[in-house]
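Student: There's a structure below that I have some questions on.
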Amino acid sequence: MTAIALTRKRPFSGGRFLVWVGEHVVLVTVAVLFIAPIVFVVLTSFMTSDQTLTATVWPNPWTFENYLKAFSEVPLLQWFGNSALYAVLATAFMLVSSVPAAYVLARIKFRFANVIFIAIIVAMLLPPQVTAVPIYVMWAKLGLTGSLAPLILPNLLGDAFSIFLLRQFFLTIPKEYADAARIDGNGEFGVLWRVIIPMAKPGIAATAIFLFFHSWNDYYGPLLYTSENPAWWPVAYGLATFRGSHSTDWGLTTAITMLVMIPVVVIFFFAQRTFVEGIALTGVKG
Amino acid sequence: MLAPALLGLAIFFVYPLIASVYYSFTRFDLVSDPEFIGFRNYEYLFTKDPKVATAALNTLWFVLIMVPVKLLFAFFVANLLVRSRRGNGVWRTLYYLPALVPPVASVVAFVFLFNPGTGPVNTILKALGIHGPLWFNDPNLSKPTLLLLSIWVMGDVMIILLAGLLDVPRELYEAAGLDGANAAQKLRYVTLPTITPVLVFSLVTGIIAALQFFTEAAVASTVASGKAVVGEGTGSQLGYPNNSLLTYTQWLYVRGFGNYQLGYASALAVILFIVAAAFLVVLLRRVKAFTPEEATA
Amino acid sequence: MTSPTTWRRALAGAAAITTAALVLAGCTGTAGDQTIADKAPTELEGTVSFWHFFADREADVIQSVIDDFEAANPKVTVDVHSGQDDEKLQKAISAGTTVDLGMSYSTDIVGSFCNSGAFRDLGPYIDRDKVDLGQFTDTVKSYTEFDGVRCSMPVLTDVYALYYNEDLLNAAGFTEPPKTLSELEEMGLALTTYNDDGSIKTLGFNPLMGYYENSAAHLGPLASAQWLNDDGTSAVGSSDGWNELMEWQKAYVDEIGLDKLQAFTAGLGQEFSADNAFQTGQVALNLDGEYRTAFIDDQTPDLKYGTAPFPVVDSQPDLYGAGYITGNIAGISKGSKNPELAWALLKYLTTDTDAVVKLANGLKNVPSTHDALASPDLEVTPQFQVFLDIAANANTETTPPSPSGAGYQQSFGDYWDKYQQGQGGDLADGLKGVDKEINDALELVSGP
């Protein structure tokens, strides 16, 4: 026992050192393998189209042509605009509808509360394809297929995953705060607006970022609803379709791939803490 | 406050669930009215559909192999990262970064990397004297190649596990160390008991996601096939090569929105619902976050 | 843990909504009535939406003919949607009123669109305006109608043949294109070159199914192989030609090696780009449609190439000269708000000789009317003439329309893919399985 205690104070001796080296070898090797795909994609995006089909990995010469072509050969700005519209509106609508719903489920006792909560969990976890046909038929009857409306509008009526996540965050706020606000004469909206929302800001931000990313990355929804109308293609669907149809140009493809990644990475670095804590919370606070 | 959400549940969940059951007994192409045909769709599904078994088995492969492998790998990396060391933030960001890449972009990137003729992976293997395989173009390797992709983007799971590991009190390890426990014993008696709920949560959400696995496989097929879509439509390309990437939800898409057999697609949806619901009933009772009592406790 | 009562309540709630839901699900719009005006309108006006699948250069050709139509009818605006495949077209038609006139790249949808009413019956318009259907050849007439309902009109035809690279053939000492499949194989193998590591450098002929235009449909007529019986059921298992084609193709693949072929194919450029493997010289002999001549003129005008009928099975050398014929078809959508205008545009695109010739010259497609074929304005190169001859050959065949669309071709194509991978088992049993698959699918979509 003494021996163990001693080695703890001298981390670089004997076996400890080997463990340290071993761990770092693994850490670095895996990290290199993880970064390599991105490095290759970046390098290829700076190659001429002839060079992308050869067995070289280093651009020679370096060219920015692919990034310029990305904007001239495909309507990339329009795709970005559509993605932004989809993601921003979906997120805004979700917040308006889901924050109050999550609050009710987290903090107010009423009949059928459990039934509704279970329904939300099931709605969240069921594959969307289970309900795809009738919902598609519904939007087709309304004449709204061929647009992003079927993907944006439902968020006005709450998003199951967001409601669930927000409720989890709201549960972490001690009841006493809400009770105090009620005693001060606040109605439930007042409690939500003045007490809960300010205290749950990080959680709300995390939920918003999740839905934003989900919408930004969505492929299945646009495939189903807007594939026949290129004017409404968002960038994820555009990238998949562009690559599937009219080009073998890997330089251009990798350049567009990079451009599609950038907004997400930028948002991540600005909201890193919130985002990572949000992810962690979904799993841990369960 | 709850009214919009209730309306949402009714319109986008309860109604379509019931309507799916109704449509599943009809022949329906959206151009003409549904025509009631009894159990014909189900009879075809269980006895005649040439691809439904393949599609279900492919989905099962992703559930049984991709989910655990990704989880184990994420757990392994989280364990490496949990020790406090210099540059912690950098390591964590580095390992998390691929998870941020939009799925479509990551698949396109992987199809490029693993292109058997011109991709960097086979170029490097060739330099090492190894004859690289066909990856996404080989029906036996297409799923394992997607598995590599899913390992690459394990960051989302890894972060959850890392947060769980950081919640394990350090004193427990020290106490175990004093009792002479080795690394394996610490894992078994200290780490696992604390982290099990998090692992279960990750497993559950992973299985649910795998049951609806669509985007990655669909994009891999359409991009790797290299075929031009002239007039056939996306549905005709799904599953390439040799239906090895055809998942159940893609098959539902092909029948429903490629061939416009909405009645039959509804039958497929009903079966998917039953399978998913069976998973859910078991899982809901195991995951604390999904039980409602907490709200009123 | 969730209490049983909670679950029971949830179920009860669900049941309560069931009735309302069923009522909602059951009521769909009914088909628009098919009564039309006694006379064609004297002056056309309004907007008509036209959906087609062409892109890039080919879409420009379509647009130029649309411009002519608009110039002749100044009060008409044509709203053109290009790049729309069958899946998207069906989505748009079933969603209602956005499509007036829809065009498909193949005849595969004719069966299902005529059957479901997604495309309107054109009979009343044809009778009223006394359109002479005799101007189309019999094959073309057959693939634009289904079960007595004519719901589409042919917009040019596509014919498939052999393209060969003259420089590569001459360099290897060949002066004539092959006439039988074994000649093709012999020549193809002789023209194949390898890298030091054993991988393929250039290929004489690519026998892989799924590569560019290699498909069962395009090969069938070369063995007089049949798809469907008169009652619509599958003839694949009972038509001898398929065996011979498949065994030849598989043996050829095995001769070179499946892995090598796949690795080579995966590294090739996309079919409709300038990197097309025939245009780059990576493949010396290719199965392709007549439209390739236009792509070559546009993208690689310096390529020296010839065309010839595709080689036929050794057992039936008399078939040489025949090939596969199909075509673009167009029809008026069920939900069209302005069917008269759509019909006027359709009639213009399919029967106006000047328009047909202009389209044929621009797209380098084979015209679908006798007048256009005979027109002095039709540009005919020696390479293109081969396709006109194949189109006129008595043994040239098409894929028959079926209510399951291209489903029967997919079932067979899937099996052929498996077979070339060596996973198809016994060929005769496999083809019987394909028969069953096709018949089962047919029964699901159209059985009583």
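Derivation of every value follows stated rules applied to the coordinates shown; laboratory data play no part. Owing to the predicted nature of the structure, the values given are computational and were not obtained by experimental measurement. Please note: Cβ atoms are built from the backbone with ideal geometry, for glycine as well, and neighbour counts cover all protein chains shown.
Student: May I ask you to derive the relative contact order of chain A, considering only C-alpha pairs under 8 Å and at least 6 residues apart, and to give it as an integer percent?
Tutor: For chain A, the relative contact order is 28 percent.
Student: Still on this structure: Which residues' amide hydrogens lie under 5 Å from the amide hydrogen of C:Asp129, considering only partners 5 or more residues apart or on another chain, with H built in the peptide plane?
Tutor: Residues meeting the amide H criterion: none.
Student: Could you list A:Ile163, B:Ile274, C:Ile438, C:Ile62 so that the one with the fewest beta carbons within 10 Å of its beta carbon is first and the one with the most is last? It would help to have the intermediate numbers written out before the result.
Tutor: On the way: A:Ile163 32, B:Ile274 10, C:Ile438 27, C:Ile62 21.
Taking fewest neighbouring Cβ atoms as first place, the list is B:Ile274, C:Ile62, C:Ile438, A:Ile163.
Student: Further question on the same structure: Report the charge-dipole magnitude of chain C in Debye, nearest 20, computed about the Cα centre from +1 at each Lys and Arg Cβ and -1 at each Asp and Glu Cβ.
Tutor: Here chain C has a charge dipole of around 1700 debye.
Student: Also, I was wondering about something else. Just round it to a whole percent: the fraction of Cα-Cα distances in the stretch B:1-123 exceeding 17 Å.
Tutor: 80
Student: Among the lysines, which fall within straight-line cross-link reach of A:Lys201, defined as a Cα-Cα distance under 22 Å, with same-chain neighbours fewer than 8 residues apart omitted?
Tutor: A:Lys175, A:Lys285
Student: Where does chain C land at 222 nm, in deg cm²/dmol rounded to the nearest 500, when only DSSP H runs of n ≥ 4 count, each adding -39500 (n - 2.57), divided by all residues?
Tutor: Calculated mean residue ellipticity at 222 nm is -13500 deg cm²/dmol.
Student: Hey, what do the phi angles of the stretch C:184-193 turn into as Karplus ³J(HN,Hα) couplings, whole Hz, using 6.51/-1.76/1.60 and θ = phi - 60°, x for Gly and Pro?
Tutor: For the stretch C:184-193, the Karplus-derived couplings read 4, 5, 4, 5, x, 5, 5, 8, 7, 10 Hz, x marking Gly and Pro.
Student: Rounded to whole Hz and in sequence order, give me ³J(HN,Hα) for the stretch C:296-301 from the Karplus expression 6.51 cos²θ - 1.76 cosθ + 1.60, θ = phi - 60°, writing x for Gly and Pro.
Tutor: Couplings: 5, 4, 7, 9, 9, x Hz.
Student: Taking the dipole about the Cα centre of the stretch A:74-284, with the C-beta of Lys and Arg at +1 and of Asp and Glu at -1, give me whichever of A:Trp139, A:Phe270, A:Phe161 is farthest to the positive side.
Tutor: Toward the positive end, the furthest listed residue is A:Phe161.
Student: Going by alpha carbons, how many degrees (0 to 90, nearest 10) lie between the helix axis of B:215-225 and the longest principal axis of chain B?
Tutor: Tilt relative to chain B: about 70 degrees.
Student: How many angstrom separate the Cα center of the stretch C:248-283 from the Cα center of the stretch C:375-448?
Tutor: Cα centroid to Cα centroid, the span is 21 Å.
Student: Take chain B, connect every pair of alpha-carbon atoms lying under 10 Å apart with a spring to form a Gaussian network, then pick out the residue of B:Ala56, B:Ala224, B:Ala127 with the largest mean-square fluctuation.
Tutor: In the Gaussian network model the winner is B:Ala127.
Student: What number in nm² do you get for the stretch C:376-425 if you take the convex hull of its Cα atoms and divide its surface by four?
Tutor: Quarter of the Cα hull surface area: 6.5 nm².
Student: Still on this structure, I have one more. Under the definition of Cα pairs under 8 Å and six or more residues apart, what whole-number percent is the relative contact order of the stretch B:155-294? Write down the numbers at each step before the final one.
Tutor: Numbers: 92 pairs, mean separation 25.2, N = 140.
It rounds to 18 percent for the stretch B:155-294.
Student: Fewest to most neighbouring Cβ within 10 Å: what's the order for B:Phe290, A:Phe270, B:Phe257, B:Phe273?
Tutor: A:Phe270, B:Phe273, B:Phe290, B:Phe257
Student: Could you give P(r) for chain A, binned at 5 Å from zero, as whole percent values over all Cα-Cα pairs?
Tutor: 1, 5, 9, 11, 12, 12, 11, 10, 9, 7, 6, 4, 2, 1, 0, 0
Student: Determine one quarter of the surface area of the Cα convex hull of the protein assembly as shown, which equals its mean projected area, and express it in nm² to one decimal.
Tutor: The directionally averaged projection comes out at 45.6 nm².
Student: Mind scanning A:Lys141/C:Lys88; A:Lys141/C:Lys91; B:Lys143/C:Lys201; A:Lys141/C:Lys347; C:Lys91/C:Lys418 and naming the pairs with a C-alpha gap bigger than 19 Å?
Tutor: Numbers: A:Lys141/C:Lys88 16 Å; A:Lys141/C:Lys91 12 Å; B:Lys143/C:Lys201 28 Å; A:Lys141/C:Lys347 30 Å; C:Lys91/C:Lys418 31 Å.
Where the Cα-Cα span goes over 19 Å, the pairs concerned are B:Lys143/C:Lys201; A:Lys141/C:Lys347; C:Lys91/C:Lys418.
Student: Could you grab the Rg to Rh ratio for the stretch C:324-374? Cα atoms only, Kirkwood for Rh.
Tutor: Here the Rg-to-Rh quotient is 1.03.
Student: Rounded to two decimals, what is the ratio between the C-alpha radius of gyration of the stretch A:85-227 and 2.2 N^0.38 Å?
Tutor: Details: Rg = 16.7 Å, N = 143, 2.2 N^0.38 = 14.5 Å.
Ratio of Cα Rg to 2.2 N^0.38 Å: 1.15.
Student: List C:Asp440, C:Asp377, B:Asp29 from most exposed to least, where exposure is judged by having the fewest other Cβ atoms within 10 Å.
Tutor: Fewest-to-most ranking of C:Asp440, C:Asp377, B:Asp29: C:Asp377, C:Asp440, B:Asp29.
Student: Kindly write out, for the stretch C:442-447 in residue order, the coupling ³J(HN,Hα) from the Karplus curve 6.51 cos²θ - 1.76 cosθ + 1.60 (θ = phi - 60°), rounded to whole Hz, with x marking Gly and Pro.
Tutor: Going residue by residue, I get 4, 5, 5, 8, 9, x Hz, with x marking Gly and Pro.
Student: Let me ask another. Sum -39500 (n - 2.57) across every DSSP H segment of at least 4 residues in chain A, then divide by the residue count to get the 222 nm mean residue ellipticity, nearest 500.
Tutor: Values: 16 runs with 205 residues, N = 286.
For chain A, the value works out to -22500 deg cm²/dmol.
Student: What Kirkwood Rh does the stretch B:52-290 have if only Cα atoms enter the pairwise 1/r average? Answer in Å.
Tutor: One decimal place: 20.0 Å for the Kirkwood radius.
Student: If all Cα-Cα distances of chain C are sorted into 10 Å bins from 0 onward, what percent lands in each bin, rounded to whole numbers?
Tutor: Computed distribution, short to long bins: 4, 19, 27, 24, 15, 7, 3, 1, 0.
Student: To continue, here is another question. Specify, per residue and in Å³, the volume enclosed by the convex hull of the alpha carbon atoms belonging to the stretch C:123-222.
Tutor: Enclosed volume per residue, from the Cα hull, is 151 Å³.
Student: Do the sum for chain B: with -39,500 (n - 2.57) for every DSSP H run of n ≥ 4, divided by all residues, what is the mean residue ellipticity at 222 nm, to the nearest 500 deg cm²/dmol?
Tutor: One gets -18500 deg cm²/dmol as the mean residue ellipticity at 222 nm.
Student: Mind checking which of C:Arg292, C:Arg128, C:Arg120 has the largest fluctuation in a GNM of chain C, springs on alpha carbons under 10 Å?
Tutor: C:Arg128
Student: Which residue fluctuates most in the GNM of chain C (Cα springs below 10 Å): C:Ala72, C:Ala277, C:Ala330?
Tutor: Of the options given, C:Ala72 has the highest mean-square fluctuation.
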